[in-house]
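Trainee: I have a structure I would like to understand better, so I am pasting it below and will then ask my questions one at a time.
FYI, it's all coordinate maths here, none of it is from the lab. Keep in mind the model is a prediction, meaning the values are calculated, not measured. All Cβ positions, glycine included, derive from the backbone under ideal geometry; neighbour counts span all protein chains shown.
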Amino acid sequence: MKVVAIVVTLLLFASLWMARTARAGELPEVGKPAPDFQLLDQAGKTHGLKDFQGKWLVLYFYPKDDTPGCTQEACAFRDDLAQLTEMGATVVGISVDDTASHAEFAKKYHLPFPLLADSEGHVAASYGVLVNLGIMKMARRFTFLIDPKANISKVYLSVETSRHSKDIITDLKSLTSGGK
């Protein structure tokens, strides 16, 4: 019995260590160009970084459709979308889930913004957010605020899902109007 407990404990620690270290790629630097992408949304429409030039882009990566934290974050963006749009920002979510999963998630919670399917994890890897555990891939909950010229303006590595959209609104006010 002790041996089983030790093995389970070791496997748990190994899994946690791998989850922390299995990120592919480096995070893009503030002030540098955002990595390009071309992905399908929940309706089958292709979106690329160039489609958002001239606007602020809130590009948020999340682990999994229809899970508690991801739902809370997506619904907060939904609820604050009018204010973000008034500030010249577009919201786009990305996970490694497929378009069908995104379609169900968007329909269930009335999400009016694109959820992009990065099923292979290539875009998540280019943004340094991919966690690849061999049998499972997912994106870390990181957000990139991209300016109208497609440069990284801010990176959010620690996200509180209940207030993340409010934090972005505060930062956008500061970035677009000198904090006024």
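Trainee: Would you mind checking which residues have amide H under 5 Å from Leu116's amide H? H placed 1.01 Å from N; only 5 or more apart, or other chain.
Mentor: Long-range HN contacts for Leu116: Gly93, Ile94, Ser95.
Trainee: Provide the packing ranking of 60-69, 92-101, 40-49, i.e. peptides ordered by the mean count of other C-beta atoms within 10 Å per residue, highest first.
Mentor: Answer by packing, highest mean first, reads 92-101, 60-69, 40-49.
Trainee: Antiparallel as a % of all DSSP beta bridges within the range 24-177, to the nearest 5?
Mentor: 65
Trainee: Could you sort out which of Lys32/Lys107; Lys32/Lys173; Lys137/Lys166 sit more than 25 Å apart by Cα distance in this structure?
Mentor: Lys32/Lys107; Lys137/Lys166
Trainee: On to the next question. Taking the Cβ of His164 as the center, what net charge do the other residues with Cβ under 14 Å away carry, scoring Lys and Arg +1 and Asp and Glu -1?
Mentor: Net charge in that neighbourhood comes out at 0.
Trainee: Helix-derived [θ] at 222 nm for the chain: sum -39500 (n - 2.57) over DSSP H runs of at least 4, divide by residue count, nearest 500?
Mentor: Value at 222 nm, helices only: -12500 deg cm²/dmol.
Trainee: Next question, about the same structure. List, in order, the whole-Hz ³J(HN,Hα) value for each residue of the range 134-146 obtained from phi through the Karplus relation with A = 6.51, B = -1.76, C = 1.60 and θ = phi - 60°; use x for Gly and Pro.
Mentor: For the range 134-146, the Karplus-derived couplings read x, 7, 8, 10, 7, 9, 6, 7, 10, 10, 10, 8, 10 Hz, x marking Gly and Pro.
Trainee: Hey, another quick one. Specify which residue in the list Thr85, Ala34, Ser174 is farthest towards the positive end of the charge dipole of the chain, using unit charges on the beta carbon of Lys, Arg (+1) and Asp, Glu (-1), about the Cα centre.
Mentor: Comparing the listed Cα positions along the dipole, Ser174 ranks first.
Trainee: State to the nearest 20 debye the size of the charge dipole of the range 24-177 about its Cα centre, where the only charges are +1 on K and R beta carbons and -1 on D and E beta carbons.
Mentor: Using Cβ point charges on Lys, Arg, Asp and Glu, the range 24-177 gives about 200 debye.
Trainee: Please give me the summed charge of the neighbours of Pro33: other residues whose Cβ is under 15 Å from its Cβ, Lys and Arg +1, Asp and Glu -1.
Mentor: Overall, the nearby charge balance is 0.
Trainee: So how much slack lies between Thr85 and Gln72, counting 0.36 nm per residue of separation and subtracting their Cα-Cα distance, in nm?
Mentor: Result: 2.7 nm gained on full extension.
Trainee: If you don't mind, another one. Compute the distance from the alpha-carbon center of the range 130-145 to that of the range 21-75, in whole Å.
Mentor: 11
Trainee: Going 7 Å from the Cα of Tyr109 in the Cα-to-Cβ direction, what parts of the range 40-54 have a backbone nitrogen less than 18 Å from that spot?
Mentor: Residues passing the 18 Å test: 41-43.
Trainee: Now a separate question. Using the Karplus curve 6.51 cos²θ - 1.76 cosθ + 1.60 with θ = phi - 60°, what ³J(HN,Hα) values do you get for each residue of the range 147-153, in whole Hz, with x for Gly and Pro?
Mentor: 6, x, 9, 6, 9, 5, 9
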